[in-house]
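The values are calculated or read from the model by the stated rules, or taken from the named source; none is laboratory data. Computed from a prediction, not measured in an experiment: that's the story for all the values here. All Cβ positions, glycine included, derive from the backbone under ideal geometry; neighbour counts span all protein chains shown.
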Amino acid sequence: MIGKRITHRTADGVRIPGTWRHAFICNGGNFFLTDLFIYADGLIDCWGLVTLDEFERKLRSGWVATDLPEGGRVSAHDLAAWQFGDPHTWLTPELLLAEVRDTVEQLNGRPDSTERCLAAVDVFLADRTEENRATARDAYLAIPETQRHYALGDMDHKDRPLQLLVAGPGGTPDSRYGEPVSQEAYESAVAYFEERARLIAGRPSRVPVDGPVEPHAQAIHVPHSYPRRRADDPGKAGLRNDYPAPVDIDGITYPSAAHAYWALSVADATARAAVAAAETAYAASTLAAEAVRREGWEHARTAVMTTLLRAKYAQHPDLAEILLATEDATLLYDDADSRFWGDNSGSGRNWTGRLLELVRSELHAQRAGIG
């Protein structure tokens, strides 16, 4: 639950909403009380920005700790240090991951596990088959256990009516209420939901005219991979500027978009040719760094890269399909040599990622016949 814990991070002037919660990091056998920042684009800051998949691996490895051992050494930076004594935690990796996934949905204004459950309940109430009840019960159990009592937003009844409804007459609700459901209790739960539905139906609703504000797909990290040769299925490596996909610009063919970028940055024609012929993109960047840059390059470089990326994906339809498959996800591109082009764990401006998103939108528009 987000509550009043509202924060954000700024990426290239774009405000990305987020929230935070406390967590323990286990590093070198010691535990550190810290803040876990969760953002709408699916990135989580746990001593470094990671995607949801990467966060799950950190949970499974114990880096983000839910198992707190007796006697474990723990500190809160600049505040205090102590040892765990009879530690008590109700979180597991599965529960914390489920809560974080729900939080990302909430930040995007999309249905979380609770809302999906309540939608399944509406289906059941409209058609009271046992199949629909089983679906509603499964949806209820998919809500993180720590969040179920908030499901109805009713702190007087908590989730009691919900449990009775999905269990049905004679069924056994959650262990907190272990007795079988009586017919009277079940009918009371049905009446509760009918009244609730009547109240909700009276509320006005608004749908954004132009669609969602935030991406619906999770952020995608395009890490360093240094591809040396083409692959049948390159995956995210195909989105790298140094991926060996020849690009033809003004009648000159460059081994990769990176080769073309570095060659076009160089003032001297001879040096430019040497950069274009370099064995690897890294070698091309090294040669370019040793040469004189073209005048005004720093003001033109973003336009040049845009041209190169448009050419790359126009000339390589297989790579365009990989880019299109990222849907509307935020693309985080790492670049060891540049905080201008790379996101670099949130420290860079991520211009390559942003331009990839622009070219992707243009490809979607072409495919849809828009514009």
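Considering each of 300, 284 in turn, give the residue that is of a type in the set (A, V, I, L, M) and surrounded by fewer than 16 Cβ atoms within 10 Å (Cβ to Cβ).
Numbers: 284 fails: surrounded by fewer than 16 Cβ atoms within 10 Å (Cβ to Cβ).
Checking each option against the conditions leaves just 300.
Can residue 300 be described as modelled with pLDDT of 95 or more, closer than 18 Å to residue 358 by Cα and not acidic (Asp, Glu)? Yes; evaluated as a whole, the condition is true for this residue.
Applying the condition of being within 20 Å of residue 345 (Cα to Cα) and not in a strand (DSSP E or B) to region 7-39 and asking which residue is modelled with the highest pLDDT yields 12.
Report whether or not residue 185 is surrounded by 12 or more Cβ atoms within 10 Å (Cβ to Cβ), part of a helix (DSSP H, G or I), of a type outside the set (Ser, Thr, Tyr) and more than 34 Å from the chain's Cα centre (by Cα). For residue 185, the condition - surrounded by 12 or more Cβ atoms within 10 Å (Cβ to Cβ), part of a helix (DSSP H, G or I), of a type outside the set (Ser, Thr, Tyr) and more than 34 Å from the chain's Cα centre (by Cα) - is met. Can you say whether residue 51 is polar (S, T, N, Q) and touching a His at 6+ places or on another chain (Cβ under 7 Å), as far as the supplied structure shows? For residue 51, the condition - polar (S, T, N, Q) and touching a His at 6+ places or on another chain (Cβ under 7 Å) - is met.
Cβ separations smaller than 7 Å between residues 6+ apart or across chains give no pair from region 306-335 residues that are without any contact (Cβ under 8 Å) to a residue 12 or more places away in the chain and part of a strand (DSSP E or B) to residues that are surrounded by fewer than 18 Cβ atoms within 10 Å (Cβ to Cβ) and among the basic types (Lys, Arg). Filtering region 280-324 to residues that are of a type in the set (Gly, Ala, Ser) and closer than 17 Å to residue 350 by Cα leaves 300, 303. Hey, among the residues in region 344-371 that are without any contact (Cβ under 8 Å) to a residue 12 or more places away in the chain, of a type outside the set (Val, Ile, Thr) and assigned to a loop (DSSP other than H, G, I, E, B), which one's farthest from residue 312 (Cα to Cα)? Out of the qualifying residues, it is 347. Could you please let me know if residue 326 is in contact with a helix residue (DSSP H, G or I) (Cβ under 9 Å, 6 or more places away or on another chain) and surrounded by 21 or more Cβ atoms within 10 Å (Cβ to Cβ)? No, not satisfied. Restricting region 50-90 to residues that are in contact with a helix residue (DSSP H, G or I) (Cβ under 9 Å, 6 or more places away or on another chain) and in a loop (DSSP other than H, G, I, E, B), the residue that is surrounded by the fewest Cβ atoms within 10 Å (Cβ to Cβ) is 90.
Looking across region 194-235 at every residue that is assigned to a helix (DSSP H, G or I), surrounded by 10 or more Cβ atoms within 10 Å (Cβ to Cβ) and within 34 Å of the chain's Cα centre (by Cα), the one that is modelled with the highest pLDDT is identified as 235. Considering each of 243, 261 in turn, give the residue that is of a type outside the set (Gly, Ala, Ser), under 18 Å from residue 309 (Cα atoms), modelled with pLDDT of 95 or more and assigned to a helix (DSSP H, G or I). The match here is 261.
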